[in-house]
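The values are calculated or read from the model by the stated rules, or taken from the named source; none is laboratory data. All figures in this text were calculated on a predicted structure; none of them were measured in a lab. Neighbour counts are summed over all protein chains in view; Cβ atoms, including those assigned to glycine, are modelled from backbone coordinates with ideal geometry. Each accessible area value is taken on the protein alone, full model and side chains, heavy atoms only, with ligands, DNA and RNA left out. Shrake-Rupley method; radii C 1.70, N 1.55, O 1.52, S 1.80 Å.
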Amino acid sequence: MELSPKVKNILLLDSEGKRIAAKYYSDDWPTNTAKEAYEKAVFSKTKKTNARTEVEVTALENNIIVYKFVQDLHFFVTGGEEENELILASVLQGLFDAVNLLLRGNVDKREALDNLDLIFLCFDEIIDGGIVLETDANVIAEKAGINSIDPNALLSEQTISQALATAREHLTRSLLK
Amino acid sequence: MAQPLVKKDDDLDDELEFSPFMGIEKGAVLQEARVFNDPQLDPRRCSQVITKLLYLLNQGESFTKVEATEVFFSVTKLFQSKDTGLRRMVYLIIKELSPGSDEVIIVTSSLMKDMNSKIDMYRANAIRVLCRIIDGTLLTQIERYLKQAIVDKNPVVSSAALVSGLHMLKTNPEIVKRWSNEVQEAVQSRAALVQFHALALLHQIRQNDRLAVSKLVGTLTRGAVRSPLAQCLLIRYTSQIIRDMGNHSQSGERPFYDFLESCLRHKAEMVILEAARAITELDGVSSRELTPAITVLQLFLSSPKPVLRFAAVRTLNKVAMTHPMAVTNCNIDMESLISDQNRSIATLAITTLLKTGNESSVERLMKQITNFMSDIADEFKIVVVEAIRSLCVKFPLKYRSLMNFLSNILREEGGFEYKRAIVDSIVTIIRDIPDAKENGLLHLCEFIEDCEFTYLSTQILHFLGIEGPNTSDPSKYIRYIYNRVHLENATVRAAAVCTLAKFGFMVEALKPRITVLLKRCIYDSDDEVRDRATLFLSILGNDDGLVETDKDSREFLFGSLEAPLVNMETSLKNYEPSEEAFDVDSVPKEVKSQPLAEKKAKGKKPTGLGAPPPAPVSGFDAYERLLSSIPEFATFGKLFKSSSPVELTEAETEYSVNVVKHIFESHVVFQYNCTNTVPEQLLERVNVIVDASEAEEFSELSSKPLNSLPYDSPGQAFVAFEKPEGVPAVGKFSNTLTFVVKEVDPNTGEAEDDGVEDEYQLEDLEIVPADYMVNVGVSNFRNAWENMDPENELEDEYGLGPRESLAEAVKAVIDVLGMQSCEGTETVASNARSHTSLLSGLYIGNVKVLVKAQFGMDNRKEIAMKLAVRADDQSVSEAIHAIVSGG
């Protein structure tokens, strides 16, 4: 019998309930359709609540869900109904604070999408296959914040062509707008 | 919303514009992935492409095998780059692509190199990736490195190896088990998370060795654990040990309780909660043990953090089901939670209050709930309605205010499920509390005047047809029913016609008027309605009818369909229109699966918010129908009582059998529910041989074997006994299951022709005095007691010997008698030294029995009981005393 605390999924949805990033660790939702249905149910059940100052919690389909919102981003962590909700809350808080650190305080949908790689890495550093890997936001952010600790890719070492490519990209994007 | 102005403008310009993934397409991204093959790698660009790939996968896009393989191969090229950021993304995408075993070989050498890298981040992630994708043979190759990693001085590396070990224990347990020395060392780690992961793995490795586990827990509970998560684990392991030992140690202090109790003073809230929950879930927890846990939960109730309030009220809700008295101290805190912002918390608080509330607080509570009901979602309302139903069963005297509440909410807006829950509750109350009947029926009548759900209307009409004619003034319902014939759709109209006919048939005075009404229905626009009206008219018109036809009509109107509906449907489908009329008797009556009621009880019920205790609906009707459909038993008369299923086999044996005892006036039928749990076998001619040598008053009459018992589809065999009429004969029966077993080819599912005869010993079965007692409640015990002849009262005193608690003695007496406790008197106040239980029941021969049992406990926990019995028949009172003195 397994007694370790288990996380069933982590969800990051936007203000319309659309998936920005999601990671499932249990077989409860085998298909993408099932996943989307679950996300929709979770979103519509929680959207009217105010989860901006404290972590909120609810129950749905024999699961416990803890959640927190900021700007147009909705963070959710799901666990089984027997799970200790305070453990789930600590996972959520770790995720939330780590994302906040990584996005340097500008936590909204636009920043999240622009730095989706960091969000994915963040998920990866918090939970491994349903098992809590780390809950300390500073540690998570440090591990996921690859660019800041990268010894080989300092800005000074970027080649001219790379710098040019970056500049060109920014230019085209601003022109397209 | 302190967003910079510029951003806002962008948002307005084009909602989607700012998404870097707008218009992203799989084909294009796969094209882009070719940059991985460039000789001059651009790490930034490669990272972006990987992010896009991950985005696609994350949105639910799937890659074909070819696509995935192609991407995987080009990704492996990226190991050439020294860019750590890119490497990190490479690890991630490899895990997401989950390559096949033939492809894995390409990356293993790169990953193994990273596993021994100087950069900690590489080591940790390479381990996680490798362990995710490799199989047993490769695992042995890297085992040496993993063992080193477990004791690595960097906690990130160590955790990575331990968590990977946890995952691989499922696929390669024998390898992981060899690491226990290293894991043991890691348990001592100073890093919190390492300790947590190591403890989890060590426990998993040793979980089958009880002694080792209890030694491990014993050492650690003395205080070497730093991490709150690890402490939570330790609490879970401890309560598992307590559970396992439960049966062995009876006396004295519960081992490890002190540890759990000390965790209530831990500084981390998650540990406090875990410990409090563990204590409340202890088997047979005493109120002394509960108190400290309830106290900390009570503190949580007023926490500013919603999660803490939720956790506390959720736990208390569960405790309230078994120990309502222990929770009453928190009632004031919970009442303030009714107005909590978080609706989940408010609903849990209400349902808990409904469980713990005493009779006097019901009205006040209902007032509070009424305000609350208007602004919660349907699913919460259903939970509340169910809680109210059980409250009503508990306090029958309060049915008036509860019924009023239900009828009020019935009139308000709501979805189908919610309305059905309310209607079900009212129906249950009407059934259980005779006094509530007329009032409740009128509420239902009013509801169908304006009911948008066809299903509910027909159900209520049917119910009215059965209950309505027996009320004091049946005529007042006619108006409501006949209105349906004018205003509703065909289905409801047809149901209303049936109900009218039932009134006409049962109430002689109404018959002429009903006939007039039915005559109007024969011009209905719908065939079915006209047919029914015509049919009932001819039945009712049969004024000077013989007794014979009268009985037939009654059977037709009130009897249930003899054959199961499914069989009926199949038979009708197979019937080809011809000269020969369809013969109802040709429909097979054998029930294919177990009765519905039983399935419901066994199946995992959805236990949402504060799962309510199972509703007091018994499978009695289902049993009665089943038995009367079997010709051999049809002559036994009315079924008096059916016991709940008694298991005759251990759990997880090849064949699982339980038995239901059906008691008739002068017969007993054993219903053996058999399940074959071996997929490779088909059982035929399944029979139960019963040896009744220890049950002298019983003689075997007939048995009904089960023809065939395929894998996993339950079937029933029956054995019937005759016994002296009306006599509560007791005895012991030993059972043997006999059958012919045939091998089944797992591929084709076909059974071989030849079978082997075999038998299987089942456990013994007993008929006890409680089997002759039906637990029927009375709404007002005092009245009922006064109304019984005091002449027939028999009183006696008994010593019950030393017991653990008063509550245990009360429960034992109730169980032995098999009676219904009234007015909530089955719950004993904690620390009470005396208690009175009021019990009621119906003894065989339909003799009403009431019992007042007074319990007292002295200092040595010796319990004495004074038992006063009143029954319509003195001999029955004597029999009750005989049961107690015998049990």
> Given region B:16-97, what helices (runs of 4 or more DSSP H) lie entirely inside it while holding 1 or more residues that are within 8 Å of chain A (Cβ to nearest Cβ) and buried (at least 21 other Cβ atoms within 10 Å of the Cβ)?
Replying inline: B:43-58, B:84-97
> Which of the residues spanning region A:82-111 are open to solvent by less than 40 Å² (accessible area, probe 1.4 Å), closer than 27 Å to residue B:313 by Cα and not aliphatic (A, V, I, L, M)?
Replying inline: A:83, A:84, A:85, A:90, A:94, A:96
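Only one residue in B:758, B:691, B:712 is modelled with pLDDT under 85 and of a type outside the set (Gly, Ala, Ser), so which one is that? Don't jump to the end; show me each part of the working.
Details: B:758 fails: modelled with pLDDT under 85; B:691 fails: modelled with pLDDT under 85.
Going through B:758, B:691, B:712 in turn, the sole match is B:712.
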> Within region B:624-658, can you find the residues that are in a helix (DSSP H, G or I), over 21 Å from residue B:724 (Cα atoms) and open to solvent by less than 20 Å² (accessible area, probe 1.4 Å)?
Replying inline: B:626
> What number of residues within region A:55-80 are at pLDDT 90 or above, open to solvent by 30 Å² or more (accessible area, probe 1.4 Å) and not in a strand (DSSP E or B)?
Replying inline: 1
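Take the conditions more than 10 Å from chain B (Cβ to nearest Cβ) and in contact (Cβ under 8 Å) with a residue 40 or more places away in the chain and apply them to residue A:94. Does it pass?
yes
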> Under the condition of being of a type outside the set (A, V, I, L, M), touching a helix residue (DSSP H, G or I) at 6+ places or on another chain (Cβ under 9 Å) and over 13 Å from residue B:129 (Cβ atoms), which residue from region B:98-108 is surrounded by the most Cβ atoms within 10 Å (Cβ to Cβ)?
Replying inline: B:103
>> If I filter region B:226-250 down to residues being surrounded by fewer than 13 Cβ atoms within 10 Å (Cβ to Cβ) and in a loop (DSSP other than H, G, I, E, B), which single residue comes out as modelled with the highest pLDDT?
In response: B:247
>> For region B:295-327, give me the residue count where each residue is open to solvent by 10 Å² or more (accessible area, probe 1.4 Å) and modelled with pLDDT of 90 or more.
In response: 11
> Going through region B:868-887 one residue at a time, which ones are open to solvent by less than 20 Å² (accessible area, probe 1.4 Å) and over 15 Å from residue B:843 (Cβ atoms)?
Replying inline: B:868
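Let's see how each residue does on (1) within 24 Å of residue B:83 (Cα to Cα); (2) within 12 Å of chain A (Cβ to nearest Cβ); (3) touching a helix residue (DSSP H, G or I) at 6+ places or on another chain (Cβ under 8 Å):
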position: B:114; (1), (2), (3): yes, no, yes
position: B:135; (1), (2), (3): no, no, yes
position: B:147; (1), (2), (3): no, no, yes
position: B:164; (1), (2), (3): no, yes, yes
position: B:167; (1), (2), (3): no, yes, yes
position: B:170; (1), (2), (3): no, yes, no
position: B:175; (1), (2), (3): no, no, yes
position: B:197; (1), (2), (3): no, yes, yes
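Per-residue answers, yes or no, for (1) modelled with pLDDT of 85 or more; (2) open to solvent by 10 Å² or more (accessible area, probe 1.4 Å):
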residue: B:414; (1), (2): no, yes
residue: B:422; (1), (2): yes, no
residue: B:432; (1), (2): no, yes
residue: B:442; (1), (2): yes, yes
residue: B:446; (1), (2): yes, yes
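Condition check: assigned to a helix (DSSP H, G or I), among the β-branched types (Val, Ile, Thr) and without any contact (Cβ under 8 Å) to a residue 60 or more places away in the chain. Does residue B:466 satisfy that?
Details: assigned to a helix (DSSP H, G or I): yes; among the β-branched types (Val, Ile, Thr): yes; without any contact (Cβ under 8 Å) to a residue 60 or more places away in the chain: no.
Taking the combined requirement at face value, the residue does not satisfy it.
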>> Given the options B:805, B:821, name the one that is out of contact with any helix residue (DSSP H, G or I) (no Cβ under 7 Å at 6 or more places or on another chain) and open to solvent by 10 Å² or more (accessible area, probe 1.4 Å).
In response: B:805
> Taking region B:386-401, which residues are among the hydrophobic types (A, V, I, L, M, F, W, C) and either open to solvent by 10 Å² or more (accessible area, probe 1.4 Å) or more than 19 Å from residue B:467 (Cβ to Cβ) (or both)?
Replying inline: B:387, B:388, B:391, B:393, B:395, B:397
>> I need a count of the residues in region B:466-501 that are open to solvent by 10 Å² or more (accessible area, probe 1.4 Å) and closer than 18 Å to residue B:430 by Cα.
In response: 9
>> Looking at region A:113-120, can you tell me whether even one residue there is touching a Leu at 6+ places or on another chain (Cβ under 7 Å), open to solvent by 10 Å² or more (accessible area, probe 1.4 Å) and either of a type in the set (A, V, I, L, M) or more than 10 Å from every other protein chain (Cβ to nearest Cβ) (or both)?
In response: yes
> Which is within 19 Å of residue B:440 (Cβ to Cβ), at pLDDT below 80, touching a helix residue (DSSP H, G or I) at 6+ places or on another chain (Cβ under 7 Å) and β-branched (Val, Ile, Thr), of B:393, B:385?
Replying inline: B:393
>> Looking only at region A:1-44, filter to residues that are in contact with a strand residue (DSSP E or B) (Cβ under 8 Å, 6 or more places away or on another chain), within 8 Å of chain B (Cβ to nearest Cβ) and part of a helix (DSSP H, G or I); which one of those is most open to solvent (accessible area, probe 1.4 Å)?
In response: A:36
>> Take the conditions over 47 Å from the mean Cα position of the chain (by Cα) and either at pLDDT 85 or above or over 20 Å from residue A:126 (Cβ atoms) (or both) and apply them to residue B:111. Does it pass?
In response: yes
